[in-house]
Structure formats: structure tokens, C-alpha cells
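Some notes on the structure that comes next.
The values are calculated or read from the model by the stated rules, or taken from the named source; none is laboratory data. This is a predicted model, so every value here is computed, not measured. Here the Cβ positions follow ideal geometry from the backbone for every residue, glycine too, while neighbour counts run over all protein chains shown. The accessibility values were calculated without ligands, DNA or RNA, using every heavy atom of the protein model including side chains. Shrake-Rupley method; radii C 1.70, N 1.55, O 1.52, S 1.80 Å.
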Amino acid sequence: MRTRVKICGLTREQDVDAAVAAGADALGFVFHPSSPRSVDLARAAVLAARVPAFVNRVGLFVDAEPALIAEAIRRVPLDLIQFHGQEPPAACTGFGRPWIKAIAMRDGLDVEVAAAEYHGAAALLLDTYDPALAGGTGRRFDWTRVPPVLAPRIILAGGLTAENVAAAIARVKPYAVDVSGGVEAAKGLKDHRKINDFMQGVRDGDRRR
Ligand SMILES: O=C(O)c1ccccc1NCC(=O)[C@H](O)[C@H](O)COP(=O)(O)O
């Protein structure tokens, strides 16, 4: 199976185009005001409109008001919603879109229990826990904590780069990988060479799955 790739935190037209050209399967737009990668709805609508068919547009929220999520769906062509905060399962449904739940890999977390709790999710995005940041930490977690039985539902995130993504794929065999900081020149500004190198790393990983 080919590992899918989501590139998150896009803020510029040229970065959207570069990610699509490199073969990304999904692009993430961060609607979390305190993120350095945050975009407002008008900007996201412009960026999302550039994305061709068969590439998914993902709107990322952190404990957002339902009214804001509903407005984003009205104004921005979003294919999926990513919940990246403390949202309980009931808060993730009812928006008329498939959804991804991000799970912070804090010490002691039982991933299988979390997966059962969020059984309605299209996928679970496992990300590094940081008490000060909701996401985009740029740091990896211990990949051996991912139960192999869940791998087909997992989007692996946290500190992935062109240098480590092949090993991550060989170890975890996730459905998809998610990257933000590992393909950036600065926060919110993607480096197109890093994007291409990352995609090559994914292909290398797929040969080792
Ligand atoms: O990217 C952010 O700034 C961010 C802020 C708040 C919540 C989530 C955020 N990003 C979520 C993502 O999906 C990132 O791609 C994921 O956390 C991995 O980031 P990185 O470790 O930089 O690759």
C-alpha cells in the first residue's frame, strides 16, 4: 500500500501549488488563531480554491466554537475536518464532513482506548504531546507506542522530516503521514525542496513497508 501524505499549515499560494505538484494527497489549513500557521477564512478560501480534484482540503480546529466550524465549512471548500484539541467525540460530529481526531501521545495514554472512543473518526492523527503547544511541535514521539493493529487508521505526525520519514513508515506502516515543520523554511512558509525531499522519503519508506 502507498502511504498517503498530508502537508499541513499552508499559508501561501506557491506552497499549495508545490505540495500538489509534489504529489501530496491532502493539504491542511490551520484555523487556530494562536498558531504561527493560522489563516483566516478569506485566505483559506483562496488557497483551497487552487486545489485540484482528488487532493483533500483539511480544515484544522483546536477546541473551536461549533459556529466557527460551520462558518468555515460554508465559506471554504473543505473535504475533511481535523480536530486537534480536547474535543470529545460528540463535538466532532454533525458538521457533514468526515473528520480526523488528533491524539496527543502523552505518557500513559492507551492508544487503543482512544481509538475506540473516537470510533467514528475517518482516521486518528497521532502527534507528539507538548503541554505548551496544541500541535506543530516539530518533535517526534516514540513510534513503538503505535499498536500495529491500528496502523491502517493512523496518520503519523510529529517531527517528521525527509531524513526520518522512511524509517517511520517502515516501523509504523501508517495509513498516512502528516508534516508541517519538517518541510518549512520558517513557520508557515514551506520550502519546496524540502517538500520534494519529503515525498522522496515517503517513496523510500514505501519500498520498506
Ligand atoms: O501547526 C500548527 O501550528 C498547529 C497549531 C495548533 C494545532 C495544530 C497544529 N498543527 C497540526 C498538524 O497537523 C501538524 O502538521 C502536526 O502537529 C505535525 O507538526 P510537525 O511536528 O511540525 O510536523
* To do: Take the stretch 156-190 and flag every residue that is of a type in the set (Val, Ile, Thr) and either open to solvent by less than 10 Å² (accessible area, probe 1.4 Å) or in a helix (DSSP H, G or I) (or both).
  => VAL165, ILE169, VAL172, VAL177, VAL179, VAL183
* Which pairs do you get when a residue that is part of a loop (DSSP other than H, G, I, E, B), found in the stretch 114-134, comes within reach of a residue that is of a type in the set (Gly, Ala, Ser) and away from the ligand (no atom under 12 Å from the Cβ), reach meaning Cβ atoms under 9 angstrom, with the pair 6+ apart or on two chains? -> ALA121/ALA115
* Could you please find all residues in the stretch 155-171 being within 15 Å of the ligand (Cβ to nearest atom) and not aliphatic (A, V, I, L, M)? => GLY158, GLY159, THR161, GLU163, ASN164
* Structure fact -> Residue hits (the stretch 30-77; in contact with a helix residue (DSSP H, G or I) (Cβ under 7 Å, 6 or more places away or on another chain) and either in contact (Cβ under 8 Å) with a residue 60 or more places away in the chain or within 16 Å of LEU125 (Cβ to Cβ) (or both)) are PHE31, ARG57, GLY59, PHE61
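Within the stretch 195-209, restricting attention to residues that are within 15 Å of the ligand (Cβ to nearest atom) and in contact with a Ser or Thr (Cβ under 8 Å, 6 or more places away or on another chain), which residue is farthest from PRO148 (Cα to Cα)? Write out each step before concluding.
The initial filter retains those residues of the stretch 195-209 that are within 15 Å of the ligand (Cβ to nearest atom), namely 195, 197-199, 201-202.
So of that shortlist, the ones also in contact with a Ser or Thr (Cβ under 8 Å, 6 or more places away or on another chain) come out as 198, 201-202.
Details: PHE198: 23, GLY201: 21, VAL202: 19 Å.
The selected residue is PHE198.
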* When only residues in the stretch 34-60 that are hydrophobic (A, V, I, L, M, F, W, C) and in contact with a Gly (Cβ under 7 Å, 6 or more places away or on another chain) count, which is surrounded by the most Cβ atoms within 10 Å (Cβ to Cβ)? -> LEU60
* **Hits in the stretch 128-143 - residues which are near the ligand (Cβ under 6 Å from one of its atoms) and farther than 19 Å from PRO33 by Cβ** => GLY138
* Structure fact -> Scanning the stretch 15-29 residue by residue, those open to solvent by 10 Å² or more (accessible area, probe 1.4 Å) and free of Cβ contacts under 8 Å to residues at least 60 places away in the same chain turn out to be ASP17, VAL20, ALA21
* Structure fact -> Those residues of the stretch 64-110 which are open to solvent by less than 10 Å² (accessible area, probe 1.4 Å) and over 16 Å from ALA134 (Cβ atoms) amount to ALA72, VAL76, LEU78
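Within the stretch 191-206, does at least one residue satisfy the condition of being in contact (Cβ under 8 Å) with a residue 60 or more places away in the chain and in a strand (DSSP E or B)?
From the stretch 191-206, those in contact (Cβ under 8 Å) with a residue 60 or more places away in the chain are 192, 195-196, 198-199, 202, 205-206; that's our starting set.
Subset that is in a strand (DSSP E or B): none.
Within the stretch 191-206, none of the residues are in contact (Cβ under 8 Å) with a residue 60 or more places away in the chain and in a strand (DSSP E or B).
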* Can you confirm whether the stretch 147-154 contains a residue that is under 29 Å from PRO88 (Cβ atoms), within 14 Å of the ligand (Cβ to nearest atom) and open to solvent by less than 30 Å² (accessible area, probe 1.4 Å)? => yes
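On the basis of being touching a Cys at 6+ places or on another chain (Cβ under 9 Å), under 22 Å from ALA24 (Cβ atoms) and not aliphatic (A, V, I, L, M), does GLY159 make the cut? Walk me through it before giving the result.
Working: touching a Cys at 6+ places or on another chain (Cβ under 9 Å): no; under 22 Å from ALA24 (Cβ atoms): yes; not aliphatic (A, V, I, L, M): yes.
Here the answer is no, as GLY159 does not meet what is asked.
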